[in-house]
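Shown next, in structure tokens, is the structure this report addresses.
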Amino acid sequence: MMPTPDSAFKVMAVLEKSDGPISGEAISNELGITRSAVWKHINELRMMGYDISSSQKEGYRLTRMSNKLLPYEIHKKLHTKFIGKKMRYLENTPSTIWAGKQLCAEGDVEKMHGMVIIAEEQTGGIGRMGRAWVSPSGGIWITIVLKPHIPIDHVFMITMAGSVAVARAIRKEFSLGALIKWPNDIFIGNKKVAGLLLELAAEADIVHYCLLGMGIDANVPLSQFSPELQNNITSLSAELGHEVDRASFLARILKEFESQYLLVESGEYDTIIREWKSASCTLEHRVDIRTLKNSFSGEAVDIDEFGALIIRKDNGKLERVIAGDCFHQ
């Protein structure tokens with residue numbers, strides 16, 4: 001995992017506040033480091049995607065910000081108490097959930113509570129039921145590490161809280177009509193723009209940790225997807241006609257999620273369920289359900305306090321679906 005090079009970002013902060021070019025000597029004097037250390041940190045920043053011009057006469061000037069989803073850029077805009085205060089940044093990884101499992105196996109999960117793992121690209125992204133999740137650069141691929149203190153039978157509320165947070169963030173930030181499709185997808189119109197996945201380590205009724213994965217097609221060109229996927233998937237940039245500020249948007253998501261997560265921790269499930277229902281594109285629609293055991297059709301009429309979808313089957317009987325695939329007719 002790539003450690004955050006704090007010294008390089010101290011140089012970055014000096015460049016950002018400078019009205020014009022600034023000499024290496026002035027930077028070294030301000031930070032109390034050598035000129036060669038300044039040069040080394042400038043090169044580190046360039047490797048991270050910042051454009052920094054340099055001339056012997058004038059010094060260094062920041063000419064373009066990085067387009068990477070760097071913790072430094074997110075923290076400038078983050079207003080949370082604990083979610084995202086700690087971050088791990090990876091250029092690429094099989095999946096951020098996989099990275100989260102490694103971290104939790106090696107460290108103190110209590111101290112990692114609220115940590116956000118970010119990847120520019122996932123080479124083995126995982127969706128529901130173990131399916132592959134296409135995760136090219138330009139998206140937002142994160143996992144939030146949580147040590148929840150809630151009953152194990154209400155753990156699914158964390159996924160619901162995440163779904164509400166992402167849909168809210170999209171609506172507030174971009175005025176796009178994001179809706180939630182059961183169990184954990186975010187749609188704009190009839191196309192998926194984001195998905196969530198919750199994995200947990202637990203025994204008996206004790207939850208050791210939860211990993212909430214979020215995948216959002218932010219600035220992903222639709223051409224990155226196969227032709228068959230293009231009919232069912234969209235991205236924020238495709239909907240808006242321009243790229244979005246991923247760092248600012250992720251800061252908004254984390255703020256929204258923290259407020260929803262605190263409701264979960266305090267047992268205010270009804271508040272989350274109410275908002276989930278109001279943003280649902282599944283309820284009051286005819287759906288086809290496929291579970292590991294059977295398949296059936298009916299009308300999605302409700303969701304219960306455990307996140308299960310209630311279906312009124314064609315014979316009038318109610319069926320409670322805890323896990324499975326839901327297809328809108």
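The values are calculated or read from the model by the stated rules, or taken from the named source; none is laboratory data. Note that this is a predicted model, so its numbers are computed, not measured. FYI the Cβ positions are ideal-geometry reconstructions off the backbone, even for glycines, and counts take in every protein chain you see. The accessibility values were calculated without ligands, DNA or RNA, using every heavy atom of the protein model including side chains. Shrake-Rupley method; radii C 1.70, N 1.55, O 1.52, S 1.80 Å.
The alpha carbon centroids of the range 298-329 and the range 187-265 are separated by 23 Å. Exceeding 28 Å between C-alpha atoms, which entries from my cross-link table qualify? They are Lys255/Lys293; Lys10/Lys255; Lys111/Lys191. Distance filter (> 28 Å) returns Lys255/Lys293; Lys111/Lys191. Database remark: amide H of Met87 closer than 5 angstrom to the amide H of Val116 (H placed geometrically; neighbours at sequence offset of 5 or more, or on other chains; Pro and chain starts carry no H). With both labels modelled 7 Å from their Cα along Cα-to-Cβ, the Phe174 to Glu243 distance reads 1.4 nm.
Relative to the longest principal axis of the Cα atoms of the chain, the long axis of helix 35-47 makes an angle of roughly 30 degrees.
Relative to the current alpha-carbon distance between Glu203 and Glu305, full extension at 0.36 nm per residue lengthens the span by 34.5 nm. Could you point to the residue in Ile52, Ala37, Ile97 farthest towards the positive end of the range 25-132's charge dipole, with +1 and -1 charges on the Cβ of Lys/Arg and Asp/Glu respectively? In the range 25-132, that residue is Ile97.
How far, in degrees from 0 to 90, does helix 6-17 lean away from the longest principal axis of the Cα atoms of the chain, to the nearest 10? Helix 6-17 sits roughly 80 degrees off the main axis of the chain.
Over the chain, Cα pairs under 8 Å with separation of 6+ residues give a relative contact order of 14 percent. Between Asn294 and His328, the modelled labels are 2.7 nm apart [label points 7 Å from Cα along Cα→Cβ]. Across all C-alpha atoms in the range 187-226, the radius of gyration and Dmax reach 15.4, 46 Å. Extents of the range 63-215, taken as max minus min of Cα coordinates on every principal axis and listed largest first, are 50, 37, 31 Å. If ligands, DNA and RNA are left out, what is the accessible area of Lys86 with a 1.4 Å probe, given in Å² to the nearest 10? Rounded to the nearest 10, that gives 100 Å². Taking only Cα atoms, what is the 0 to 90° angle, nearest 10, from helix 246-265's long axis to the longest principal axis of the chain? In the chain, helix 246-265 runs at an angle near 50 degrees to the longest axis. Rounded to the nearest 20 debye, the dipole size of the range 208-306 about its Cα centre is 260 debye, using +1 on the Cβ of Lys and Arg and -1 on the Cβ of Asp and Glu.
Simple rule: put +1 on each Lys or Arg Cβ and -1 on each Asp or Glu Cβ in the range 112-243, find the dipole, and look at Ala119, Gly195, Ala165; the Cα lying farthest toward the positive end is Ala165.
By a 1.4 Å probe calculation restricted to protein chains, Asp205 has an accessible surface near 110 Å², given to the nearest 10.
The 1.4 Å probe gives accessible areas that order Thr123, Thr34, Thr96, Thr291, largest first, as Thr123, Thr34, Thr291, Thr96.
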